[in-house]
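The block underneath contains the structure these notes are about, expressed in structure tokens.
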């Protein structure tokens, strides 16, 4: 059984394109949109799509926080009996159904527990912020001894697919901090590899402005630092070189 989880916050203009990509998959049993404090018409957009007959819709009146919907969607998929769970964001645009199919095949038929997407196969120029994010992604992947196999890939960026074995071994709560999920999966000696690649012509996310982009960068950097602190058995501070990378995270929750 295959489930797809779609975290969504006010994605009425984007989520039908995501569902269009999911509709092209050869086998998909249930779609779990997790509506994260939506105040627009995302719900109606989801229910109007032909995939509505396969929905297990989860709605929260208030935002759960970034990435938290992944853990709730995964928990729902486990209860429904899913053997694999595919994750794709609610604002992902483009034609990337073949990428999703590759991730599914890697998980269901090639015994991969965490199939990642390489979203940087052909990029040359990168901004200073992007270089810093990638530095921390590389630092974590090297610490986990995964860099030779997955390079800069991370569950923080791009679609990915996980096995039921992974969810049973490490739990669903850590999915709300994707680099921590990666660290726990590596610690459990689960199989992790790149299952698909996307270049810039195949996909893009909705643009939300420079402030949002910086907060996302700080969130991912802080998540990587938190995962490194977990691996090194250090207190979680999300801080390095005197800078605390909170981003969209609230350490009090």
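Residue under question is residue 34, and the condition is that it be closer than 24 Å to residue 248 by Cβ, assigned to a helix (DSSP H, G or I) and modelled with pLDDT of 95 or more; does it hold?
When the stated conditions are applied, residue 34 does not pass them.
Return yes when residue 175 is within 16 Å of residue 87 (Cα to Cα) and touching a strand residue (DSSP E or B) at 6+ places or on another chain (Cβ under 9 Å) and no when it is not.
Yes.
Looking at 77, 4, 82, which is the one that is crowded, with 20+ Cβ neighbours inside 10 Å, under 20 Å from the mean Cα position of the chain (by Cα), closer than 26 Å to residue 217 by Cα and modelled with pLDDT of 95 or more?
Step by step, each of 77, 4, 82 is checked, and only 4 is crowded, with 20+ Cβ neighbours inside 10 Å, under 20 Å from the mean Cα position of the chain (by Cα), closer than 26 Å to residue 217 by Cα and modelled with pLDDT of 95 or more.
When the residues of segment 23-42 are filtered to those that are more than 21 Å from the chain's Cα centre (by Cα) and without any contact (Cβ under 8 Å) to a residue 60 or more places away in the chain, which remaining residue is farthest from residue 94 (Cα to Cα)?
Taking the candidates together, the pick is 39.
Quick one: which helices (runs of 4 or more DSSP H) sit completely within segment 73-157 and have at least 2 residues that are without any contact (Cβ under 8 Å) to a residue 60 or more places away in the chain and farther than 24 Å from residue 42 by Cβ?
Values: elements: 97-108, 128-143, 147-150.
Fully inside segment 73-157 and qualifying: 128-143, 147-150.
With respect to the numbered conditions (1) touching a strand residue (DSSP E or B) at 6+ places or on another chain (Cβ under 8 Å); (2) surrounded by fewer than 20 Cβ atoms within 10 Å (Cβ to Cβ), which one is the sole condition not fulfilled by residue 229?
All conditions are met except number (1).
Hey, does segment 167-190 have a residue that's part of a loop (DSSP other than H, G, I, E, B) and modelled with pLDDT under 95?
No, the conditions are met nowhere in segment 167-190.
The values are calculated or read from the model by the stated rules, or taken from the named source; none is laboratory data. All of these numbers come straight from a predicted model, not from anything done at the bench. Note: ideal-geometry Cβ built from the backbone for every residue, glycine included; neighbour counts use all protein chains shown.
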